[in-house]
Amino acid sequence: KRNDPVNSSAIRVLIVDDHKILRRGLRELIEEDFPKAKFAEAENSQTALEKIYAAKWDLILLDVNIPGRNGMDVLVEIKQAQPETPVLVISAYPEEDFAIRALKLRAAGYLTKNCVADELNAAVRKALSGGRYVTASLAERLAESMGRDLATAAHERLSNRELQVLRLIAVGRSIKEIASELSLSDKTVSTYRHRVAEKMGLSSNVELTRYALQHRLVE
């Protein structure tokens, strides 16, 4: 039987973020409530997945925008490898862009980086107890979505890979560059780009880029 991490400060935490200062800040905040916690860090998706497959974790803190595969793809793989491990998604993107998607993928909560200091440890305790941490604003958004499809924004109709391709198009990557970055063929990326345009009702890269910027899908 697994130890109850809420009643034990010796939890194992993996922090996945490409900013060293933020990783240190998250660690220090968690240590206030869990002084004996053991930490590991990853600055990209490859290192994160290596650590996830190498050991069991009581909690994973995961950024959306990390080098390599995006955080939503990594979340899917975490849930396949360690389905019981709670994952808190912590992102610079506002809740309306990724929170509902993260919850659909079984994240234990979604926090924006501008509110981490105030809410992090409450979210950590909720996640470790097996619950889901939802902010008041997100709870209101979810309540308003009852009885209808949560995926109201056009980009919510995209798969994780399609969303990743959209974001790379929006920052000016060519088909060849996207193919190299995602380890896909040019033809496959072109197919994804066609699906994105079709699902969103947008035809040109200019329109796709404008949409991504308006919805803050890229920084």
Do we find a residue being touching a residue at least 24 places away in the same chain (Cβ under 8 Å) and of a type in the set (Val, Ile, Thr) anywhere in segment 90-103?
yes
Could you count how many residues in segment 133-181 are surrounded by 18 or more Cβ atoms within 10 Å (Cβ to Cβ) and at pLDDT below 70?
0
If ALA40 satisfies all but one of (1) hydrophobic (A, V, I, L, M, F, W, C); (2) part of a loop (DSSP other than H, G, I, E, B); (3) open to solvent by 10 Å² or more (accessible area, probe 1.4 Å), what's the number of the condition it fails?
(2)
Return the total of residues in segment 69-118 being open to solvent by 30 Å² or more (accessible area, probe 1.4 Å), assigned to a helix (DSSP H, G or I), at pLDDT 85 or above and of a type in the set (D, E, K, R).
1
Checked segment 167-203 for anything basic (Lys, Arg) and in contact with an Asp or Glu (Cβ under 9 Å, 6 or more places away or on another chain); matches are ARG173, LYS176, ARG193, ARG195, LYS199
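The values are calculated or read from the model by the stated rules, or taken from the named source; none is laboratory data. All figures in this text were calculated on a predicted structure; none of them were measured in a lab. Cβ coordinates were reconstructed from backbone atoms using ideal geometry, including for glycine residues, and neighbour counts include every protein chain displayed. Just the protein is used for accessible areas: all its heavy atoms, side chains included, with ligands, DNA and RNA removed. Shrake-Rupley method; radii C 1.70, N 1.55, O 1.52, S 1.80 Å.
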